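In what follows, a structure is listed as structure tokens, so that the remarks can point back to it.
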Amino acid sequence: MLLNLTHPILFFDLETTGLNVASDRIVEISALKVLPNGDEEVKTRRINPTIPISPDATAIHHITNEDVALCPTFKEVAKSFAQWIDGCDLAGYNSIKFDIPILVEEFLRAGIDIDFRKRKVIDVQNIFHKMEQRTLVAAYKFYCNKDLSNAHSAEADAVATYEVLQAQIDRYPELTNDVAFLSDFSSKSRFLDYAGRIMLNDQDEPLVNFGKHKGKKLRDVLNSEPSYYTWIMQGDFTLDTKRVLTEFKNSM
């Protein structure tokens, strides 16, 4: 089943120094770009994260500090990578919660203001969990009848994710072969920022989604407690959260 595409779509996977979106960095990125005519192009690159890789992360992806010591930093490749993915919709496995937020943070650190909210995003994990509720290894076996022998290799995971989505469309008649539909179907949240600190209510009003003000309208909090904005801007929050908050505050 070829995907019905109007724009190129990028299936990508990241290996990182850890799991903290605000502070951890990319050590490997692999992306499979699929064009509307079905042509495919794969790029894989290791990145010097400029910070130590945690032992727990190395135990999963087997990439050591020595492996990436002489690799380029993300800032050195950010511009060319941004140009390569320009105009692409995005797809991944657990990408909405992890890979996209991490990638956005890296772009912002590199001085490139990229906003994936303007693109369609398909999270294959969310489709899988709605339908079967298992891991990528199990999804690959279940949908494709193949063993994912090189799991946690960024390239193997990215390619497997693409094959799983194709098989999901073949398997479930309720899934429309359309990127906009799949993006809506696989999105679980109405967060304004990738870290989930700010979300929308049923009236599309931004709400605080953490801490003592959880559930309150962001507008009311900023009006009644002006120092709240400064606290977030000076705190250990993601650059993306700070950007979204600033955009909302300016709109007021």
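The values are calculated or read from the model by the stated rules, or taken from the named source; none is laboratory data. Since the structure is predicted, the reported quantities are computational estimates derived from the model, not experimental observations. For neighbour counting, all protein chains shown are included, and Cβ atoms are generated from backbone atoms with ideal geometry for every residue, glycine included.
When V21 is tested against the conditions (1) hydrophobic (A, V, I, L, M, F, W, C); (2) touching a Leu at 6+ places or on another chain (Cβ under 7 Å); (3) within 24 Å of D184 (Cα to Cα), the lone failure is (2). Of all residues in the stretch 182-221, exactly one satisfies the criterion of being surrounded by 19 or more Cβ atoms within 10 Å (Cβ to Cβ), over 20 Å from the mean Cα position of the chain (by Cα) and in a helix (DSSP H, G or I), namely L218. Within the stretch 92-122, the only residue that satisfies the criterion of being touching a Lys or Arg at 6+ places or on another chain (Cβ under 8 Å), of a type in the set (D, E, K, R) and crowded, with 20+ Cβ neighbours inside 10 Å is E106. Just so you know, in the stretch 147-165 the residues that are hydroxyl-bearing (S, T, Y) and assigned to a loop (DSSP other than H, G, I, E, B) include one that is nearest to A31 (Cα to Cα), and it is S153. Taking helices (runs of 4 or more DSSP H) as the structural unit, those lying wholly within the stretch 1-86 and holding at least 3 residues that are more than 18 Å from the chain's Cα centre (by Cα) and either of a type in the set (K, R) or at pLDDT below 95 (or both) correspond to 55-61.
Name every residue in the stretch 110-120 that is in contact with a helix residue (DSSP H, G or I) (Cβ under 7 Å, 6 or more places away or on another chain) and either modelled with pLDDT of 95 or more or polar (S, T, N, Q) (or both), in order of residue number. Within the stretch 110-120, A110, I112 meet the criteria.
Filtering A167, A180 for residues that are under 28 Å from M131 (Cβ atoms), among the hydrophobic types (A, V, I, L, M, F, W, C), touching a Cys at 6+ places or on another chain (Cβ under 6 Å) and in the same structural domain as H129 (by TED's automatic domain parsing) leaves a single hit, A167.
For the stretch 152-178, the candidate set comprises residues that are small (G, A, S) and crowded, with 21+ Cβ neighbours inside 10 Å; within that set, the residue that is farthest from L3 (Cα to Cα) is A154.
With the requirement that a residue be within 29 Å of G87 (Cβ to Cβ) and of a type outside the set (D, E, K, R), what does the stretch 130-146 give you? Within the stretch 130-146, L136, A139, Y140, Y143, C144 qualify.
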